[in-house]
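Report on the structure given below.
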Amino acid sequence: MTLIREFDQAAALTRGGAISIGNFDGVHRGHAILLTQLRRMADAVGGPAVVVTFDPHPAAVLRPDQAPVPLTWMERRAELLKQQGVDVVIACRPDLELLELSAEAFFDDIVRQRLGAGAMVEGPNFFFGKNRVGNVALLRNLCDANRMPLQIVEALSEAGDMISSTLIRAKLASGDLRSANRMLTSPYRIRGEVRAGAGRGKDLGFPTANLHQIPVLIPGPGVYSGETSVDGQAFKAAIHVGPNVTFGEGHCKVEVHLLNFNGNLYGRTVDVQLNAKIRESIKFSSVDALREQMHHDIQAIRNQSLL
């Protein structure tokens with residue numbers, strides 16, 4: 001799988017392929033169905049399966065205060081897309097020049113000329129061009145006029161709700177990791193740089209890696225089980241998200257305790273997969289009560305298998 005940052009670098013790799021344009025943030029099960037059809041269409045036209053996504057989200061340019069917090073950093077998103085059969089990912093930076101193109105100009109300049117698309121696959125809620133005036137009806141007209149096959153893939157619903165990145169963000173923000181992971185194609189991951197903290201975890205017997213500069217949505221407060229890899233070795237992990245209310249702290253923190261790990265992670269960037277929520281984050285009556293609960297948490301996580 002090839003990750004490209006500029007349209008001008010893509011022409012030789014995308015020409016004659018099947019293309020889908022969208023944010024694909026999180027790469028959820030609804031995306032997976034569309035990407036299966038993209039792979040089939042690419043094979044039918046004899047070209048690569050190509051995804052055009054955006055980094056950052058277009059809203060970050062047009063409405064910075066309303067831009068959604070990402071579910072995936074771009075390298076992670078590209079890897080998940082690769083797992084779904086995508087050959088080429090174009091992570092386009094949506095500047096004003098691109099966002100000002102009319103729907104017709106976007107189709108002609110980007111889809112036809114720069115990418116040389118041989119076919120397209122989109123969802124029913126696809127919009128393109130300035131002010132999102134282009135919809136699937138216009139896209140079908142443009143594709144028909146250029147004798148370009150187009151497939152519209154219906155959205156996937158679960159329990160009456162359409163699976164979407166927006167819904168997954170809401171589930172994660174509320175701490176409902178179970179529902180979020182059920183909608184994703186791979187368990188949710190966060191990443192951050194390890195920096196020194198207050199050292200309380202070490203004093204309690206559970207040293208933690210404190211994550212900073214986290215580029216994706218931080219789940220709601222709670223204690224989660226997870227896993228991470230350090231130098232190729234997998235470790236189970238206990239992750240606490242939220243303020244340390246027992247010690248009177250009010251700001252949100254992400255602290256990761258790696259089971260059976262002895263080493264120094266300061267200054268390193270660590271990816272952490274979140275598998276399940278163990279319990280809510282609560283205030284304890286004493287440090288001893290907190291320590292006892294942490295022992296219970298760790299034992300529960302030890303009993304879980306690595307996914």
Expected output for segment 164-175 (first residue within 15 Å of P221 (Cβ to Cβ), partner aliphatic (A, V, I, L, M), Cβ below 6 Å, 6+ apart or cross-chain) is K171/A180; L172/A180; L172/L217
Of the candidates R182, R178, R169, the one satisfying the condition of being closer than 21 Å to L274 by Cβ, part of a helix (DSSP H, G or I) and open to solvent by less than 60 Å² (accessible area, probe 1.4 Å) is R169
Discussion item. Condition (residue is of a type in the set (G, A, S), open to solvent by 30 Å² or more (accessible area, probe 1.4 Å) and under 30 Å from L34 (Cβ atoms)) applied to segment 221-230: is it met by at least one residue?
Written reply: yes
| query | Is segment 11-33 home to any residue that is aromatic (F, W, Y) and at pLDDT 95 or above? | reply | yes
For helices (runs of 4 or more DSSP H) lying entirely in segment 45-139, having 1 or more residues that are more than 18 Å from the chain's Cα centre (by Cα) and not small (G, A, S) picks out 59-62, 96-99, 103-106
Cβ pairs under 6 Å, 6+ apart or interchain, first in segment 19-38 and closer than 11 Å to L80 by Cα, second of a type in the set (F, W, Y) and buried (at least 20 other Cβ atoms within 10 Å of the Cβ), ordered by first then second residue, are H31/F24
If you go through segment 32-54 one residue at a time, do you hit one that is farther than 23 Å from G129 by Cα and in contact with an Asp or Glu (Cβ under 6 Å, 6 or more places away or on another chain)? yes
Flagged in segment 28-44 as assigned to a helix (DSSP H, G or I) and within 20 Å of I163 (Cα to Cα), in numbering order, are R29, G30, H31, A32, I33, L34, L35, T36, Q37, L38
Of the candidates S179, S157, S165, the one satisfying the condition of being hydroxyl-bearing (S, T, Y) and touching a Gly at 6+ places or on another chain (Cβ under 7 Å) is S165
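Working carefully through the options A32, A44, find the one that is buried (at least 17 other Cβ atoms within 10 Å of the Cβ) and either of a type in the set (A, V, I, L, M, F, W, C) or under 25 Å from L139 (Cα atoms) (or both).
Step by step, each of A32, A44 is checked, and only A32 is buried (at least 17 other Cβ atoms within 10 Å of the Cβ) and either of a type in the set (A, V, I, L, M, F, W, C) or under 25 Å from L139 (Cα atoms) (or both).
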Of the residues in segment 185-206, those that are of a type in the set (A, V, I, L, M, F, W, C), surrounded by fewer than 16 Cβ atoms within 10 Å (Cβ to Cβ) and either modelled with pLDDT of 75 or more or over 24 Å from N244 (Cβ atoms) (or both) come to A196
From the option list L258, L204, L274, single residue qualifying as in contact with a Lys or Arg (Cβ under 6 Å, 6 or more places away or on another chain) and touching a residue at least 40 places away in the same chain (Cβ under 8 Å) is L204
Screening R147, R140, R169 for residues that are of a type in the set (K, R) and under 19 Å from Q37 (Cβ atoms) leaves only R140
E154 passes all but one of the listed conditions (1) touching a residue at least 12 places away in the same chain (Cβ under 8 Å); (2) open to solvent by 70 Å² or more (accessible area, probe 1.4 Å); (3) not in a loop (DSSP other than H, G, I, E, B); the exception is number (3)
Of (1) touching a residue at least 40 places away in the same chain (Cβ under 8 Å); (2) small (G, A, S); (3) surrounded by fewer than 14 Cβ atoms within 10 Å (Cβ to Cβ); (4) part of a loop (DSSP other than H, G, I, E, B), S281 fails just (3)
- Query: Can you find a residue in segment 256-274 that is surrounded by 12 or more Cβ atoms within 10 Å (Cβ to Cβ) and farther than 17 Å from L211 by Cα?
  - Reply: no
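For (1) within 27 Å of V272 (Cβ to Cβ); (2) touching a Cys at 6+ places or on another chain (Cβ under 8 Å); (3) in contact (Cβ under 8 Å) with a residue 24 or more places away in the chain; (4) of a type in the set (S, T, Y), each residue gets a yes or a no:
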position	(1), (2), (3), (4)
F54	yes, yes, yes, no
P58	no, no, yes, no
T72	yes, no, yes, yes
E75	yes, no, yes, no
A91	yes, no, yes, no
D95	no, no, yes, no
L99	no, no, yes, no
F107	no, no, yes, no
E122	no, no, yes, no
Of the residues in segment 232-248, those that are open to solvent by less than 40 Å² (accessible area, probe 1.4 Å) and part of a helix (DSSP H, G or I) come to T246
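The values are calculated or read from the model by the stated rules, or taken from the named source; none is laboratory data. Being a predicted model, the structure only gives us computed values, none of them experimental. Neighbour counts are summed over all protein chains in view; Cβ atoms, including those assigned to glycine, are modelled from backbone coordinates with ideal geometry. Heavy atoms of the whole protein, side chains included, go into the accessibility calculation; ligands, DNA and RNA do not. Shrake-Rupley method; radii C 1.70, N 1.55, O 1.52, S 1.80 Å.
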